[in-house]
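Shown next, in structure tokens, is the structure this report addresses.
Taken together, the values in this text are just the output of simple stated rules run on the coordinates, not laboratory data. Bear in mind that the values here come from a model prediction, so they are computed numbers and not experimental data. Reconstructed Cβ throughout: ideal geometry from the backbone, glycine too, with neighbour counts over all protein chains shown.
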Amino acid sequence: MTKKLMKGSEAIAEAAVQAGCKLFFGYPITPQNEIPEYMSMRLPQVGGAFVQAESEVAASNMIYGAAGAGERVMTSSSSPGVSLMAEGISYLAGSELPVVIVNIMRAGPGLGGILPSQGDYFQATKGLAHGDFRVLVLAPWSIQEAADLVQDAFDLADYYRNPVMVVGDGLIGQMMEPVEFREGRKPIKDLAPKTWATTGCDGSRPTNVVNSLFLDPEELEQHNIRLKAKYDLMVADEVRFAEYRTDDYYDVLIVAYGTVARVCSTAIDELREEGIGVAMLRPITLFPYPYEAVREAALKASAVLVVELSAGQMIEDVGLALARSRPIHFLNRMGGMLVSPDEVVAKVKAMIEGSSEEVHIG
Amino acid sequence: MAETVFARPESLADVTTHYCPGCTHGLIHRLVAEVIDEMGVRERTVGIAPVGCSVLAYDYFNVDFQEAAHGRAPAVATGIKRARPDLIVFSYQGDGDLASIGMAEIIHCANRGEKITVVFVNNAIYGMTGGQMAPTTMPGQVATTCQLGRDVESAGYPIRIAELISTLRTPAFVARATVHNPLVSVHAKEMLRRAFRYQVEGRCFSLVEVLSTCPTNWGIPPAEAMGWLEKNMLPYYPVGVFKTPEGGSREPKPLVG
């Protein structure tokens, strides 16, 4: 299959269709509108359906219904819209329904702005909504990886019967890059038939009920224990990360994810040209977080630099991973401003020269 | 050989419900179940339970069910029906669920013309949470959050859902019925039958508002609940057909008899 030049949003949508997504429900919000727009054109071609919901609240409950009926379904939004979907996502997790949710993050809080941000890291990985639950969170750094991760997200959602979130930013959504869709792609997991779905009870089985209500506390606790076991399995089996130039000696380890990691890779190449030992560990799954990998890679360096488009969110997980074994430095921009390769280069040099202040977390 | 003239519908589970004495949820459940049986669609029906007194409806109907978040049943129904248009999808919602927190979802579901059926049970009060004021609570009616009676100056007038939905241009079947005596219950069943039939025929969205009782939170003996409904609710919430996909009159037709 030849490579095709595609806008990130359209590549995400096409990847979903090719992974068997039959339904899309969403509400317009910048900067991700090309995803629903593409789906409104494409899904009817494959016998699926697109509905422009009246709100993100409704969209998150429409995907609940469709997932409960056993079909592959997706929604996409951007930060304020994902906050409105929080209700539905908690019910999806509680009822163990497989859906894929794409969040093209924009700067906040509140209405914020429409430019790129990583300010929803806490929301995605720690506090998406009420109740004890987790969702798998995947963070691509290129259009190709966004397409691949969206396809994997459908398999992971079905396998774990759990929402999977793909987080990108405006750069992932708007950038154009060559994309290749894997022909004859096989699911990355052994997927069981959806015998639990509400497809109508023909008498051959008891009625199926999709539900997150357990009024008996003992029963609910058993449900919580089962969910926790599922999340533990994700932690054991689904951690993904990539390393950049860790084969060579390095003194500074950068930890960054998403498009920020792309910027950092450019900076690392420049620094290496000057003979400065710097490498990067890039988390691809934000939950489960690659704590072990971050720690192991960091212990080979004398200091760690975290780069984020937020006030400092992932840095707390880096702090947990390192347990004060290495000094952590921090470089960030907010409000839709981007980190430039030059800023990363300057920060690393400052760290080596001793003019950068270590960050104390918590 | 004896002929069976009355039995539990197959679509109704053989269980005891948690409904209070004098509450008509059980009766309305039965009418819906009878209609599903008569249409022969039990095996391809999916119901959606609301948040409210009928939150456990999935235990009482013998069909596949999904439990929705508060007010979101029409959105969940949209998801199910769009995923599997061959299924017969109905939501069963109370007045707090549909007419308050779920107003956006019901309006837009109806306006898109989703081919689903909504059974809207209006008992003019919040039951499950303990008798708070509903959007459908009558003027002057006492509730735990309007203890001097509903003041229309600050809380507005009760919302007439059947009338409201029937103003939408999208073809639909919209009716209001009541179950405060056997004769009107027969009419209510006929309204439900028509609503489900329109869906089975793939014609349109359908909604039947059914006036219901809540003696527990109205603070009256169960035996007086039917009379209270007839005296206080019926004049404000007229019974009849408000809209048909053929373009029928919006004026309610009087009950015969």
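List of remarks:
- For A:D202, net neighbour charge (Lys/Arg +1, Asp/Glu -1) across residues whose Cβ lies under 11 Å away: +1
- Additional length obtainable on full extension of the chain from A:M337 to A:S40, 0.36 nm per residue less Cα span: 103.8 nm
- Its Cα centre serving as origin, the protein assembly as shown has a Cβ charge dipole (Lys and Arg +1, Asp and Glu -1) of approximately 1460 debye.
- Length gained when the stretch B:L183-B:H70 is fully extended (0.36 nm per residue, less Cα-Cα span): 37.4 nm
- Less than 5 angstrom separates the built amide H of B:F173 from those of B:F205, B:S206, B:L207, all sequence-distant by 5 or more or on a different chain.
- Each label point was placed 7 Å from the Cα along the Cα-to-Cβ direction; for A:A311 and B:T16 their separation is 5.5 nm.
- Neighbour count of at most 14 Cβ within 10 Å plus DSSP loop: longest GluC sites (Glu not before Pro)-free window in chain A: A:1-179
- Links that overshoot a 20 Å alpha carbon limit, given the list A:K22/A:K126; A:K194/A:K230; A:K22/B:K81; A:K189/A:K230; A:K22/A:K194; B:K81/B:K189: A:K22/A:K126; B:K81/B:K189
- Looking at the stretch A:228-323, the trypsin sites (Lys or Arg not before Pro) that sit in a DSSP loop and have at most 14 other Cβ atoms within 10 Å of their own Cβ are A:K300.
- Exercise: per-residue mean of other protein chain Cβ atoms within 10 Å, B:105-114: 2
- Ordered by the number of other Cβ atoms lying within 10 Å of each residue's own Cβ, fewest first, A:H360, A:H223, B:H108 fall into the sequence A:H360, A:H223, B:H108.
- Modelled this way, with points 7 Å down the Cα-to-C-beta line, the labels at B:E153 and A:H360 are 6.0 nm from one another.
- Charge dipole (debye, nearest 20) of the stretch B:25-243; +1 at Cβ of Lys and Arg, -1 at Cβ of Asp and Glu: 640 debye
- Each other residue within a Cβ distance under 12 Å of B:M103 adds +1 if Lys or Arg and -1 if Asp or Glu, for a net charge of -3.
- For A:K349, the lysines whose Cα falls under 22 Å of its own Cα, not counting residues fewer than eight places away in the same chain, are A:K300.
- In this structure, the amide hydrogen of A:V102, modeled 1.01 Å from its nitrogen in the peptide plane, lies closer than 5 angstrom to those of A:T75, A:S76, A:S77, A:V166, counting only residues at least 5 positions away or on a different chain.
- Chymotrypsin sites (Phe, Trp or Tyr not before Pro) restricted to the stretch A:156-216 and DSSP loop, no more than 14 other C-beta within 10 Å: A:F214
- From phi via Karplus (6.51, -1.76, 1.60), per-residue ³J(HN,Hα) for the stretch B:112-119 in Hz, x at Gly/Pro: 6, x, 4, 7, 10, 10, 10, 9
- Antiparallel bridge percentage (DSSP; both residues within the stretch B:25-243; nearest 5): 15 percent
- Cross-link partners of B:K243 among lysines (Cα-Cα below 16 Å; sequence separation of 8 or more within a chain): B:K115, B:K253
- When DSSP beta bridges are restricted to pairs lying wholly in the protein assembly as shown, around 20% turn out antiparallel.
- Counts of other chain beta carbons within 10 angstrom of each beta carbon in peptide A:48-61 average 6.
- Between amide H atoms placed 1.01 Å from N, distances below 5 Å from B:C146 occur with B:M133, all of them 5 or more places distant or on a separate chain.
- Shielding value for A:69-76 is 3, the average number of Cβ atoms from other chains within 10 Å of each residue's Cβ.
- Within the stretch B:167-196, trypsin sites (Lys or Arg not before Pro) in DSSP loop having at most 12 other beta-carbon neighbours inside 10 Å: B:R169
- Dipole of chain B, positive direction: furthest Cα of B:F120, B:A110, B:A33, with charges on the beta-carbon: B:A110
- A crude spin-label estimate for the pair B:R8 and A:R324, with each label 7 Å from Cα along the Cβ direction, gives 6.5 nm.
- Estimated FRET transfer efficiency when R0 is 51 angstrom, pair B:E190-A:K230 (beta carbons, to 0.05): 0.60
- Pairwise centroid distance, computed over Cα atoms, of the stretch A:1-44 with the stretch A:261-293, Å: 29 Å
- Springs join every pair of Cα atoms under 10 Å in this Gaussian network model of chain B, and among B:A69, B:A110, B:A143 the largest mean-square fluctuation is at B:A69.
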